[in-house]
Amino acid sequence: MPVQLREKFNYQLKHVLGLSLISGRAFSCDQNTGLVAYPAGCVIVLYDVRVNERFYVISPGEKPITCLRFSPDGKFIATGESGKNPLVRLFSLIDRRQVAEFGEHEEEVSCVGFTPNGNYIISAGNEFDFKLIVWDRKNENLFTSNRDKVSNGIKAMAFAKDGSYFVTVGLHHVNFRNLSDMREKHPLRGHRPSIDLKHSTFCDVVCCNDTGFTFAITRGGFIYQYSRQNRPRIAVNSARHEVLQCRKGRTVSVLNGVILCGCGCGSIHAYNTSTLQFITEVFPPEELRNIGIIASAADAQKNWLHCVYSNHSLVTFDLSDIMSPRIYSQSDFHNSHVCDVVVMPSTSKLNSLPKDSFLTCGDNGKVMAWQARNKTVDLHKVINVESHVRQSDIPEGSSVLEHHPMCIRDDGKNLAVGDKVGFVHVFELEAFEHRKTHRIQQTGVLCADYAVNSNMLACGGHNGKVSVNYDEFTRRNFLLRCHSAAVASVKFVQCGEKTILITCGADHGLYFCSLSDGDGELDSKEIFRSHRDSLTDIALLEESILVGCASSIHEYSIPGGVWQRSFKTNSCASRVFQLAVDSGKTIVAVACGNHHIYILSLSPGISDSKRCLHDLNSHSASISSLTFDLKDRLISTAGTCVFVWTSTYLEERNEKIEEEPPINSIPAENVPSIPTKDETSEEDDEYPSSSSSIAQSKPLSESQIDIEFKVVMQEPITQQTQGDDAGEVRRDCLEIVDDIINSLDDVVDDDVVSSPSPGDETSMDMVGDNINSVDDVISGPSSLDEPSELKAAKDQMLHAFDRAVHVYESEVNGGNESDVIEMIGAFRGIYSRIGELKLVSAVEVQTGTNSLDEKLSEDSLVFSLLREYTDKLVDLVHND
């Protein structure tokens, strides 16, 4: 496998949209830095609210994180997980990696915390584990434990600041345990208050360090205050209790002498820590009214309270003035399983959604539109699909709360969303308005797709039927040949004037249906391919498709459906669920049943053992959808979270595209022209080619190539040889380029390109003459021995340019020539770059410098860059 390809697609986790906590056990705030930590699957998200920036620590355990806590000094974070044989893991926040792991629990770890001195970690199992364990952090071993002593599930844990005791609360119990006389291999001694708690379930607890009180809150809305008396053993006096003025209590925090209780109604009740007198009620934003708070954490430095609501909204309240609170920030995420993701098409011209946007849909019908930038991903709009469903249309005993497939039309104007009971909801994305809801299936819709440049919409259902609508706004639909089991994927492909619908399903069948419209009826001619296992997904290439089947991927040609090759994802990979191909058709991302994503090369002639470039593993649940956006960022969804992956190479490329205009946007007068055959021969006589071999060098990234090119063309050359001045070499090089620009403007004349009228044969002959001139330049003598890859790239460009002549003729006859003008301008820019590189290298050969030789070697990424440009141009020609 080429090293360049592996480095180019070295995907790393860039953004995580969502959270997976269900209580305050997995929500913590560092009092030193103000960072807020919460889990997203098996990823720890560190959120700096002050600058709105998130950092990520990936747990190697690949299991859901159930609890976490910062160390007192803020340098470490401890986590507990669920699943079989869960571990307590310790991560260093300095280099964001795991430094230790502890394993004695057999069931889920429900709580974890640090002792105030930071030397010990205490973890508690759930009601089926019965273990409370103290770990020695420095020696990385078990210090002591209370095995089979925890009969009731522990829901929360709090520590006294002086380190003398800690408190655990849970089902029907509050327990105080000593830390001051803790000894190795000796069980922890504790004491329970003498009060009847058998009807109380405690959900949170906090120690108030100023007053010495401990406050515990129950789900029924009671807050209990405990005071510790100064005795060798812990003695607890149940002083009083107060009924909260709300339906349910969820969380409790202490901030500057005020008890802050998060309630089931979404508001925060404030009480005095000494008198328990009610102070005020802090109300959430209007859209969060009557939505319960499930976790809270206080930031004493900023007087902030961070709250997580049950709909997975993260809100930060500024309580510097408790009587005049304000909302500092708010982040909204999916609160249900994310079932699908789609990206805005490249041909979209909507003002409401930029091209770098994508949409995700949860199984509760909430569609979120996100705008992805290099550093942040912002929520742009929320669409509630369920609000547009009439209850009378839902069959008795059914619900629409399940899988919701989505698809976007090619122009980006309309979004279609399917649901469980067979309805399709169409939204106009310009104004985010609901346009139509109609039933297209008798059972749930599992997949959907729009035809290319058409309103035709196809949907596959649970019952194996494939429905095709001529227009997404009409109820008129046609049933094609049905699968005998659920339809997994439907894809439209345009082959010339033919519209082909490709479907696959759980019945092991793959159909290629050529559609034609005759007398108002939809006719189809089918090609059927059978497999030994169920088919799960389809991904489109240029002239073929990829189909996921068991742990293998099969490639078939379009439109004939002829098998071409098969390859496996990984030697130990499980079943393939999702497929996605990047824009360059270079790699395929494969989501498997083991919650991993494998990045595979599509290059022919590579063995399965070397095809896998990278393995991405940050999901703790099954991956439900997978896609690439227009900037080749990989977007995956699992559970309630959305993961965005990218590589350093792609980030540099995207930043360059955003900051610098493309070559074909440079004005024609500033673009160097192509030398003719005669002038190239004269230059070759002046600068004879060197007989020395081209030096092999370390491959450069795309941004490095452009930087080095600019250094050679615009900055003084630092390498000097005896008798030559670097400044003179640079000036001579630029003078030669200027001479070519001034003397050869008529090679691709703007007047020839832009002025011919329809049917003007003379003008078309002039264009043909210019094509011949370009051919002469390519086939003429060169000052260098051209590497084979350079010749291949130029041959490909010549083929595309020849194809452009025919496109140009048809466009001129049709009265539209702007696309062809842009295309020819792009060719001029690319040919100019080749000519400049060869020219500078020729000057260096004469003067004895060789700084560009390495950039013209076959192993250099210069030619990869050229091929990338030419591929885009070839695509533009064929699309026209």
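The values are calculated or read from the model by the stated rules, or taken from the named source; none is laboratory data. Because the structure is a prediction, the values reported are computed rather than measured. Here Cβ is always computed from backbone atoms with ideal geometry, including for glycine, and neighbour counts include all displayed protein chains. Heads up: the accessible areas ignore ligands, DNA and RNA and are worked out on the full protein's heavy atoms, side chains in. Shrake-Rupley method; radii C 1.70, N 1.55, O 1.52, S 1.80 Å.
Distance from the Cα centroid of the stretch 74-131 to that of the stretch 313-380 is 31 Å (rounded to whole angstrom). In this structure residue 47 has an accessible area near 0 Å², from a 1.4 Å probe over the protein heavy atoms. Set the bar at 31 Å for Cα to Cα. Now go through 465/631; 355/585; 413/610 and name every pair that lies beyond it. Going by Cα-Cα distance, 465/631; 413/610 fall outside the 31 Å limit.
Summary value for the stretch 43-141: 19 percent relative contact order, contacts being C-alpha pairs under 8 angstrom separated by 6+ residues.
Per-residue extension of 0.36 nm, minus the Cα-Cα distance of residue 10 and residue 435, leaves a gain of 148.8 nm for this segment. Here the calculated FRET efficiency for residue 209 and residue 142, from their Cβ-Cβ distance with R0 = 45 Å, stands at 0.95, rounded to the nearest 0.05. Stretched out straight at 0.36 nm per residue, the stretch from residue 189 to residue 656 would grow longer than its current Cα-Cα span by 161.8 nm. Evaluating 6.51 cos²θ - 1.76 cosθ + 1.60 at θ = phi - 60° for every residue in the stretch 482-493, the Karplus couplings come out as 8, 6, 8, 8, 4, 8, 8, 7, 10, 9, 8, 9 Hz, glycine and proline recorded as x. Estimated at the nearest 10 Å², the accessible area of residue 189 is 120 Å² with a 1.4 Å probe. Solvent-accessible surface of the stretch 1-120, taken per residue with a 1.4 Å probe and all protein chains present: 37 Å². Here the stretch 582-626 exposes an accessible surface that is 47 percent carbon and sulfur, computed with a 1.4 Å probe and the other protein chains kept in place. Nonpolar atom fraction for the stretch 98-137, defined as the carbon and sulfur part of the 1.4 Å probe accessible area, stands at 37 percent. Spin-label model, residue 557 to residue 22: label points 7 Å out along the Cα-to-beta-carbon direction sit 5.3 nm apart.
Net length available on complete extension from residue 484 to residue 172 is 107.0 nm, with 0.36 nm assigned per residue and the Cα-Cα distance removed. The shape of the stretch 282-324 comes out oblate: with a ≥ b ≥ c from the C-alpha gyration tensor, a/c is at least 1.5 while a/b does not beat b/c.
Of interest is the spacing of the C-alpha centroids, which for the stretch 440-501 and the stretch 1-58 amounts to 38 Å. Compute the FRET efficiency between residue 585 and residue 33 as 1/(1 + (r/R0)^6), taking r as their Cβ-Cβ distance and R0 = 41 Å, and round to the nearest 0.05. Plugging the Cβ-Cβ distance into 1/(1 + (r/R0)^6) gives 0.40.
Taking label points 7 Å from Cα along the Cα-to-Cβ direction, residue 272 and residue 615 give a separation of 6.2 nm.
For the stretch 239-348, a/c is not less than 1.5, where a ≥ b ≥ c are the root eigenvalues of the C-alpha gyration tensor, and a/b tops b/c. That puts it in the prolate class. Using C-alpha pairs below 8 Å separated by at least 6 residues, the relative contact order for the stretch 421-460 is 34 percent.
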